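For reference, the structure discussed in these notes is given below.
The values are calculated or read from the model by the stated rules, or taken from the named source; none is laboratory data. Note that this is a predicted model, so its numbers are computed, not measured. In this analysis, Cβ positions are derived from the backbone assuming ideal geometry, glycine residues included, and neighbour counts consider all displayed protein chains.
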Amino acid sequence: MSEDLPVDEVIGALEEYQRRTIDLYREHADDPEACVKGLVRLHLGWTEEDPERAKMVSRYRGEVMAGPGRERLSASNAAYFAQSKEWMETSRNSGAMPSVSFNVLHALVFAPTQELCKHWLGGRLKKQPTEYADAMGDAAWAGILAAGAALQTGQTTAEKRPG
């Protein structure tokens, strides 16, 4: 492992991102749709604000987690995921959000934003990521609603199609 591994910088950037996410949970405690859309905007904006930081986190996160930053990053992640799951549980229990798992919600919200940011950071996307925030936020929320409906009925789209 390289002595030049930016452990403190990577963990600091991730902790700052996590704090901003938790702030969104608190700000939109009673409105999961606004929160999901805010999470999309946050991720796109965070990348756009400091592309070099975003590249650094993407490049070194795995090495930091596997090595010298493991304990601190594990603790930070545990606290972050606990807050995330608490927000989700409250939103589901209130009936304001469908009952989807944390993993499904995370994939629907962050996989598309990460992919878009990857294209932007690689120079393959000319518009700023936040220019897509409204459309991607709407899509993330629609995906959560669709996943919740499919899980509730126990049917997938393929099962609903006539044979």
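Observations
- Some residue of segment 83-93 being surrounded by 11 or more Cβ atoms within 10 Å (Cβ to Cβ), assigned to a helix (DSSP H, G or I) and among the aliphatic types (A, V, I, L, M): yes
- Some residue of segment 112-119 being out of contact with any strand residue (DSSP E or B) (no Cβ under 7 Å at 6 or more places or on another chain), over 30 Å from Asp4 (Cα atoms) and in a helix (DSSP H, G or I): yes
- Restricting segment 19-31 to residues that are crowded, with 18+ Cβ neighbours inside 10 Å and within 14 Å of the chain's Cα centre (by Cα) leaves a set whose member that is farthest from Ser91 (Cα to Cα) is Thr21.
- Residue within segment 137-146 that is part of a helix (DSSP H, G or I), on the phi < 0 side of the Ramachandran plot and either more than 17 Å from the chain's Cα centre (by Cα) or at pLDDT below 95 (or both) present: yes
- Look at (1) outside any helix (DSSP H, G or I); (2) touching a Ser or Thr at 6+ places or on another chain (Cβ under 8 Å) and you find that Pro68 fails only one, number (2).
- When the criteria are applied in full, Glu16 meets the requirement of being loosely packed, with under 15 Cβ neighbours inside 10 Å, not in a loop (DSSP other than H, G, I, E, B) and not hydroxyl-bearing (Ser, Thr, Tyr).
- Listed conditions (1) outside any helix (DSSP H, G or I); (2) modelled with pLDDT of 95 or more; (3) among the charged types (D, E, K, R) are all met by Lys37, apart from (1).
- Scanning segment 71-86 turns up at least one residue that is over 24 Å from Glu9 (Cα atoms) and either out of contact with any Cys (no Cβ under 9 Å at 6 or more places or on another chain) or not β-branched (Val, Ile, Thr) (or both).
- Condition check for Val57: closer than 30 Å to Asp30 by Cα and among the hydrophobic types (A, V, I, L, M, F, W, C): no
- Neighbours by Cβ (under 7 Å, 6+ apart or cross-chain): first from segment 37-51, among the acidic types (Asp, Glu); second buried (at least 22 other Cβ atoms within 10 Å of the Cβ) and not in a loop (DSSP other than H, G, I, E, B): Glu48/Pro129
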